[in-house]
Amino acid sequence: MTDVCVELASADRGADAENALRSLRRWLHEDETLAGAVRGRFADPADPVAEHMGAGGFDILQLALGSGLSTASFVVSVLQWQLARNRAPALVLSRGELRVEVSPESAGDAETLRRVVELLDRQPPVIDQDGEPDGGGAA
């Protein structure tokens, strides 16, 4: 499985952010081309503040993509959702340390789709126990 997080770009966060992410989750769930291969949950990236009851809403949609699902199919569905909205927010898709922001203006661009898929398909580097990238060679 591949884990991908989707969040609204900071300029588009606001009172409607949680509703937008809920809309995206419904869209992905109802997309027949994904065949139920995407599972998601909401998260709040902010650390809890002492003496506060909780956060004001969800900021991130954490998604697990099934192994049979191509990244391209997932990204196409996300960009279609973005294009279908009247006031589409800019989205940040992330996988590990990699973060890609997609503006509403570029959501329909084939080159943007290709680049986002290429970046999200990259394998993250393997880190050894000392926190160094593991080149696979013997020590």
ask   = For Glu97 and Glu30, FRET efficiency with R0 = 25 Å and r from the beta-carbon atoms, rounded to 0.05?
value = 0.20
note = Note: Arg41 to Arg87 extended length (0.36 nm per residue) minus current alpha-carbon separation gives 14.2 nm
task = Between Arg22 and Glu105, take the C-beta separation as r, use R0 = 22 Å, and let me know the FRET efficiency to the nearest 0.05.
result = 0.40
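Each value in this text was obtained by applying a stated rule to the coordinates, not by laboratory testing. Computed from a predicted model, the values in this text were never measured in an experiment. Here Cβ is always computed from backbone atoms with ideal geometry, including for glycine, and neighbour counts include all displayed protein chains.
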